[in-house]
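Single-structure report; data block below.
What follows is calculated from the coordinates using simple rules that are stated; it is not laboratory data. Model, not experiment: these values are computed from the prediction. Neighbour counts run over all protein chains shown; Cβ positions are idealised from the backbone, glycine included.
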Amino acid sequence: MGLREVLLAVFAFGALAFALAVVSTRNTVYAALEFVAHLLCLAALYCLLDAPLLGVLQVMVYAGAIMVLFLFAVMMLDIQETGRESAFQGPGQVAGALLLAALLFALLVFGADRFPAAALAPAAAPGAPGVGADNVVRVARALFERGALVFEAVGVLLLTAVVAVMVMAKRRLEN
Amino acid sequence: MFGVGFFLALAFALFAVGAFGVLTRRDPLVMFMCIEMMFNSGNLALVALSRYLGLASGHALVFFVVAVAAAEVAVGLGIIIAIFRTEKDVNVDHLSELKG
Amino acid sequence: MNLALPLPEYGVLGLALVVLLYDLVVPERVSRRALGWVCALGFAGVLALLLRSDAPQVAPVPTAFGGMYVADGLALAFKTLIVAAAMLASLASLDYLEARGVRWQGEYYLLLTLVTFALMCLVSAGDLLTLYVALELNSIGFYALVAVLKGRSLTSSEAGLKYLILGALSSALLLYGISLLYGLSGTVSLAGLAAWAAGAARSPALVVALALVAAGLAFKMSLVPFHMWAPDVYQAAPTPVTAFLSVAGKTAALALLVRVLDAALGGFIGVWDKLLMVLMAATFVWANLGALKQRDAKRLMAYSSVAQAGYLAIGVAAGSALGLQAALFYALVYVFTNVAAFQVLQLVAESGGPELSGLRGLGRRSPGLALILAAAVLSLAGIPPFGGFFGKFYLFAAGVREGIVAGRSWLLALVGLAVVMSIVSLFYYLILVKQMYIEPADPEAPGTGGPVAVPLGARLVLGVCAAMILWTGLYPSPILAWIRQALF
């Protein structure tokens, strides 16, 4: 078992463990911090899966920007005050959700188990998105050669989101 | 050991954990985090599958998903703040004006 | 690459820029009401452009951006419906926003145009990337539009939050399904998927992927059990937004079902049609029975809209050219009938409140409005001579024909259930009619005296819708010819 395998095992375990921690922690601030750790584990996994660009993006955009937004909202709303009662739904709903999640997991693993992996290209296929500059070039080609329309649409999406957030969160001055 | 099946199984597990969280938690902020967890599990599956297919188009999709998720979180937090201003409380159980 | 192909989309984006600049330049104290007229005129221009362009009649359909944008007849027809709905929604919003003193009118119209742009990109999607991003773009716009009355009514922002959480959940399901499909097929383009589906073996992973994609799309279409958001959101959103969401959102979702399930994954119809039919059967039973006990007019119409989504999906489940034509015709009728119904309810609610009892005595107070609402709900119930009758007839006929020709007995059973539930739906539609014409007006109730005021914008909406309800019912052949030409 080489270093890569050890690292994969560690980060995969970390991602799952921190995910469970997010779901079970009562305190919202702790949950947010655990979620950051979960995202960092995923970023490491991306890097190990030859997607360094996405790994870096995951750290900057997800673990950085999005989580700062989350923590900001947590602090601003001061959720602790309202969190006196149980942070969970009633026991009936928890049991139902547990059953549903287990069913979902079983269904999905049933699908994965029979995933026709043999039909897929082997890991070291000549065309695999390689590490380093090659990966960035290939993703950039996928993004800008064929995906130009989607890239524009994401621009419009960000404009929509900016306007939507302004409508939601801002108060008119005269109010 | 670390074939495509391993990563898919890990992604499925994260997906199920996220779904469980959305269904059981009351705090909308934690619910959002759980939804983000589900998006991330989809991303993980995409990255693993891209690697094993030897294609970069999956990476492009992940790129867009991250951008979309950021926008969605911003709008969601905006709505939560708007509700908090009116109600001073963001526990989903207390939001029950709509019933029937 | 033909960059001039998405001309209608450029038009709508240009309109969005005009709205943005108007809001920036015009001083704050001036009312933004004129923007409603600007939007309506802009949409009318784009609509004229769409109606004048001919659907491509030869096999390789024109595409742009490396196949990510498809300009086939299906896209053209659905875009026409979406832009028409957007035009009617802007006209309906004019006085609604003004009467409520909404301070965000500039942003409201901007979001309306951006959502329309997203829906247009959605029906032209040739690729799962375009599809996913356009779907999220329109969802984000709708989350904000639903919650735009925040501060004025808690329910509006509450509905926005519910819609957002459930909407994001469904997007996660869809994304997961897309990632599995990508893993199985190695492509994200819908044309590539179609080529792959023609020869691919079935595997459990494929069933899981199809189930997840179907669930994600069923949410946008509001099929039971992915409908939980619909009654709350429809009731609490501003009425013009409810009307727009229920018609444009649903027709775009229908186009998506056709594109993804029928066109791209048609090779697996034997797998996904069972999934879809279970959802549809649940939709027919739950929505029609649930509507019977509603007391709020908008909520009743929400249940009715969920049921209508089930009827539309018959065309997709049939998977035949006839089924597709029938679904498109029904979608066209549905757009105008539903907008008409919501417009009347909006006007009545201004004086009589949101309850069904607010409609009492409307037959005497405002005979015109009562007549249009009666025509709209009877059309939705499928009573001749209105368009809904032909729409349902074509849909059921297409389902029966496909069921017999292809020997799909489950489809026949489903159409049977749809017919029975269609009769049940007559009860709750007639409750509305009974309130207007038979129930005596309560003299104590507020605003039950004189006729309901109908401003110019609403007059235009009602005029267009009433004309279309009658035209589709009395002389549908030109419309059918247009549909056949679009879906050659």
Discussion item. I'd like the full set of residues that are more than 15 Å from residue B:60 (Cβ to Cβ) and small (Gly, Ala, Ser), limited to segment A:41-54.
Written reply: A:43, A:44
Worksheet item: Of all residues in segment C:36-66, how many are touching a residue at least 40 places away in the same chain (Cβ under 8 Å), away from chain A (no Cβ under 14 Å) and not in a loop (DSSP other than H, G, I, E, B)?
Response: 11
Worksheet item: Inside segment B:5-18, can you point out the residues that are surrounded by fewer than 20 Cβ atoms within 10 Å (Cβ to Cβ) and within 7 Å of another protein chain (Cβ to nearest Cβ)?
Response: B:5, B:9
Discussion item. Condition first: assigned to a helix (DSSP H, G or I) and closer than 30 Å to residue A:147 by Cβ. Can you find one or more residues in segment C:86-105 that meet it?
Written reply: yes
Discussion item. Filter segment C:360-394 down to the residues that are among the hydrophobic types (A, V, I, L, M, F, W, C) and not in a helix (DSSP H, G or I) and list them by number.
Written reply: C:383, C:386
Practice prompt. Select the helices (runs of 4 or more DSSP H) contained entirely in segment C:193-281, then report the ones holding at least 2 residues which are crowded, with 22+ Cβ neighbours inside 10 Å and away from every other protein chain (no Cβ under 14 Å).
Written response: C:204-221, C:239-244, C:250-257
Item to complete: Answer yes if at least one residue in segment B:25-34 is closer than 28 Å to residue A:155 by Cα and either in a strand (DSSP E or B) or more than 7 Å from every other protein chain (Cβ to nearest Cβ) (or both), and no otherwise.
Response: yes
Worksheet item: Would it be correct to say that residue C:158 is of a type in the set (Asp, Glu), over 26 Å from residue C:63 (Cα atoms) and either more than 11 Å from chain A (Cβ to nearest Cβ) or within 18 Å of the chain's Cα centre (by Cα) (or both)?
Response: yes
Discussion item. Among the numbered criteria (1) farther than 26 Å from residue B:57 by Cβ; (2) buried (at least 18 other Cβ atoms within 10 Å of the Cβ); (3) polar (S, T, N, Q), which one does residue C:63 miss?
Written reply: (1)
Discussion item. Taking the criterion of being within 10 Å of chain A (Cβ to nearest Cβ), closer than 30 Å to residue C:285 by Cα and more than 22 Å from the chain's Cα centre (by Cα), would at least one residue in segment C:169-190 satisfy it?
Written reply: yes
